[in-house]
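The next block holds one structure in the form of structure tokens; read it before the comments.
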Amino acid sequence: MRTVDEHRRVVAGLITARAPLAVPVADALGLALACDVVAPLSLPGFDNSAMDGYAVVAEDIATAADDTPVRLPVTEDIPAGRTDIPTLRPGTAHRIMTGAPLPAGATAVIPVEATDRGVDTVAIRAAARQGQHIRRAGEDVTAGTTVLQTGQVITPAAIGLAAALGLAELTVIPRQRVLVVSTGTELVAAGGPLQPGQIYESNGAMLAAAVRNAGGEVVASPMTGDDVDSFREVLRRHCADADLVITTGGVSAGAYEVVKDALTEGGVQFVKVAMQPGMPQGAGLLDDGADGTPIITLPGNPVSALVSFEVFVRPALRAAMGLPHTERPRRTAMLTEDLVSPRGKRQFRRGVFDPVTDTVTGYGPPASHHLRWLASANCLLELDEDTAEVAAGSRVQLWDLR
Ligand code: AMP
Ligand code: MG
């Protein structure tokens, strides 16, 4: 039997980064930059007003005060967006709006609140220091500076900066494109009628969401019956568009194990991993072209499938996209009840962590069809291979899924 850590290494070795790609700035959200961004221009691009008010020569209003206002003729009106930049002659004022280009010769801006808001002449009731309420060209960004670093994950603010610099594209490590294939002759798509013995397909929707949640992109999430030819046909149809294939079901010890039957002869290894849930696992490369698309075959039980995704696929998927937090945060908390765990296997139990009391409670039975409990758990308790019993009051390790 393979250990959890050994299988994690195998999966991580299979999932590799795509070549850097230039994408429209808006599409870079949440992705890691593949190269530094160097500012092609300065910000602000020109000296401009930080206030709605009047541009003046500061010396002209040195004596201005509430009871001794200084009156100046207003010779220009400069709204934001005016592109011909006038010159301010001493002894005059220009009415100016926030973000409008500062006229040559002006040394201060007086906020409108310190004036009588005059249009032809203006009475100014406060003196100004040199440079007051002026945003200088380049004081935010100087052209040629590195403003975003390789590896940095693009946030809305980073998109704002790139757009302010006039950039149309950013070069990122692209999303992994993932094909999610659900297998099982008993499966029916949601919305259709169920015959006795049939169930609604749920792994496809669940894992597609988990892939997106991890930062990946889902190419398609088809399902197929336990028939080798139709399974192979589904792979053939979608594989060219995928960087990774995830399958569920058809890998355990029964008959009609479609994934095993279809891929055992190829480059996929089927193994038992010493964990619960999720013992039957497979991983390898499809022989579908030059390098072969990586394929990770997860067990069919919904809890096994999602826990296996958390343990094996999610960390490798994020690492291949250069994203941080490849691992869920680990913490310990005090267990509120006695638990037993199979010796020799690492057990992942669903749990509810309460940060207020710093306790964790196992949530639902350990068997791998209890999806209901997983749906409302906020952590996985990790009980290691040597543990057979844990007493209430012990501190246990958990993976924080919040
Ligand atoms: P398998 O690994 O194919 O033997 O499936 C194990 C269990 O998981 C069986 O009870 C299946 O019916 C169930 N199962 C497999 N795939 C899915 C799926 N996509 N959605 C819901 N249940 C599934
Ligand atoms: Mg099956």
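None of L339, L383, L374 is in contact with a helix residue (DSSP H, G or I) (Cβ under 9 Å, 6 or more places away or on another chain), in contact (Cβ under 8 Å) with a residue 12 or more places away in the chain, open to solvent by less than 30 Å² (accessible area, probe 1.4 Å) and not assigned by TED's automatic domain parsing to the domain that holds I199 except L374. Please determine whether any residue of segment 160-183 is outside the structural domain of P302 (by TED's automatic domain parsing), buried (at least 20 other Cβ atoms within 10 Å of the Cβ) and among the hydroxyl-bearing types (S, T, Y). For segment 160-183, residues outside the structural domain of P302 (by TED's automatic domain parsing), buried (at least 20 other Cβ atoms within 10 Å of the Cβ) and among the hydroxyl-bearing types (S, T, Y): absent.
One residue stands out in segment 237-285 among those that are part of a loop (DSSP other than H, G, I, E, B), away from ligand 1 (no atom under 13 Å from the Cβ) and modelled with pLDDT of 95 or more: the one that is surrounded by the most Cβ atoms within 10 Å (Cβ to Cβ), namely A242. Do we have L170 as more than 16 Å from ligand 1 (Cβ to nearest atom), closer than 28 Å to R318 by Cα, in contact (Cβ under 8 Å) with a residue 40 or more places away in the chain and touching a strand residue (DSSP E or B) at 6+ places or on another chain (Cβ under 7 Å) here? So L170 passes the test. Against the condition away from ligand 1 (no atom under 12 Å from the Cβ), under 30 Å from the mean Cα position of the chain (by Cα), small (G, A, S) and at pLDDT below 95, how does G292 come out, does it pass? When the stated conditions are applied, G292 passes them.
Considering (1) touching a helix residue (DSSP H, G or I) at 6+ places or on another chain (Cβ under 8 Å); (2) away from ligand 1 (no atom under 11 Å from the Cβ); (3) β-branched (V, I, T), the lone condition that V234 does not fulfil carries the number (1).
L31 fulfils the conditions (1) more than 30 Å from L298 (Cβ to Cβ); (2) surrounded by 18 or more Cβ atoms within 10 Å (Cβ to Cβ); (3) in contact with a strand residue (DSSP E or B) (Cβ under 6 Å, 6 or more places away or on another chain) except for a single criterion, (1). A count restricted to segment 244-268 and to residues that are in contact (Cβ under 8 Å) with a residue 60 or more places away in the chain and away from ligand 2 (no atom under 16 Å from the Cβ) stands at 2. Applying the criterion of being over 22 Å from A32 (Cβ atoms) and in a strand (DSSP E or B) to the residues of segment 184-228, the residue that is most open to solvent (accessible area, probe 1.4 Å) is Y200. Of the residues making up segment 299-324, just one is under 17 Å from V258 (Cα atoms) and either within 24 Å of the chain's Cα centre (by Cα) or away from ligand 2 (no atom under 16 Å from the Cβ) (or both), namely A305. Under the condition of being under 30 Å from P111 (Cα atoms) and open to solvent by 40 Å² or more (accessible area, probe 1.4 Å), the residues counted in segment 131-159 number 9.
Residues that are hydroxyl-bearing (S, T, Y) and farther than 22 Å from L371 by Cβ do not occur anywhere in segment 299-307. Where strands (runs of 3 or more DSSP E) fall entirely within segment 317-363, those with at least 3 residues that are within 26 Å of V273 (Cβ to Cβ) and modelled with pLDDT of 95 or more are at 330-335, 346-354.
The values are calculated or read from the model by the stated rules, or taken from the named source; none is laboratory data. In this text the structure is predicted, and so the values were computed from the model without any measurement. Neighbour counts run over all protein chains shown; Cβ positions are idealised from the backbone, glycine included. SASA here: full protein model, heavy atoms, side chains in, ligands and nucleic acids out. Shrake-Rupley method; radii C 1.70, N 1.55, O 1.52, S 1.80 Å.
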